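Trainee: Once you've had a glance at the structure underneath, I'll fire off some questions.
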Amino acid sequence: MDIEHKYNWTEWKSFPDPRKGEFLTAPFGFGVYQLHNYKTNEFILFGSANNLAYRMSSLLPKPYGQGTRNNKEKRIFVFENIENIKYRTIAFTMERVMKECEKELRQLKIHKFNT
C-alpha cells in the first residue's frame with residue numbers, strides 16, 4: 001500500500017500567512033507534515049514531531065516563525081513561496097508509527113528538501 005493510502009492524511013490546506021492573521025491546523029501530539037508547492041507541483045519538505053503544531057511554527061523565519069529550527073534556507077523558501085504552499089498532516093498516538101511514516105517519506109526522495 002502506498003503512503004497516500006496507508007495513512008489518514010488531512011486534506012491539503014493553504015499554508016497560513018501570519019502577516020494576514022491566518023492560522024495553522026495541526027496535531028498537538030505526535031504527527032507528520034508534508035508541504036507541497038502547487039505552482040511548481042513540487043513536494044517541498046516533510047517532518048515529524050511529538051508536538052506537530054509547535055514544530056510547524058518553525059517553518060517560517062523570525063519574526064514569523066518560532067522554535068529553534070536552524071535551517072534558514074528551508075524557512076526562507078517557505079516564506080518566499082507561502083502563497084503557493086499547501087500542507088497536510090497526520091496525527092499519531094504512537095511515536096514508533098510516526099517515525100515509520102517519516103522514514104517512508106524520506107525513502108521516496110521526492111522532496112526538494114529531503115531531510
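The values are calculated or read from the model by the stated rules, or taken from the named source; none is laboratory data. The shown structure was predicted, so the numbers you read here are calculated from the model rather than taken from an experiment. With ideal geometry, Cβ positions are generated from the backbone for all residues, glycine too; neighbour counts draw on all protein chains shown.
Each row is one residue, and each column tells you yes or no for (1) of a type in the set (Phe, Trp, Tyr); (2) in contact with a strand residue (DSSP E or B) (Cβ under 9 Å, 6 or more places away or on another chain); (3) modelled with pLDDT of 95 or more.
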site	(1), (2), (3)
50	no, yes, yes
65	no, no, no
88	no, yes, yes
91	no, yes, yes
96	no, no, yes
100	no, no, yes
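Trainee: State which residue pairs qualify: first residue in contact (Cβ under 8 Å) with a residue 24 or more places away in the chain and over 18 Å from residue 93 (Cβ atoms) and inside region 25-46, second residue surrounded by fewer than 21 Cβ atoms within 10 Å (Cβ to Cβ) and among the acidic types (Asp, Glu) in any location, beta carbons under 8 Å apart, and separation of 6 or more residues or different chains.
Mentor: Note: pairs meeting the criteria are 36/42; 46/102.
Trainee: How many of the residues in region 48-74 are outside any loop (DSSP other than H, G, I, E, B) and within 25 Å of residue 92 (Cα to Cα)?
Mentor: Residues of region 48-74 that are outside any loop (DSSP other than H, G, I, E, B), as a first pass: 48-49, 52-56, 72-74.
With the extra rule that they be within 25 Å of residue 92 (Cα to Cα), the set shrinks to 48-49, 52-56, 74.
Number of matching residues: 8.
Trainee: Report, by residue number, each residue of region 74-109 that is exposed (fewer than 15 other Cβ atoms within 10 Å of the Cβ) and aliphatic (A, V, I, L, M).
Mentor: 76, 94, 97, 108
Trainee: Can you tell me which residue within region 1-11, out of those that are at pLDDT 95 or above and surrounded by 13 or more Cβ atoms within 10 Å (Cβ to Cβ), is nearest to residue 96 (Cα to Cα)?
Mentor: This residue is 9.
Trainee: Taking region 1-39 as the search range and keeping residues that are assigned to a strand (DSSP E or B) and not aromatic (Phe, Trp, Tyr), which one is farthest from residue 53 (Cα to Cα)?
Mentor: 37
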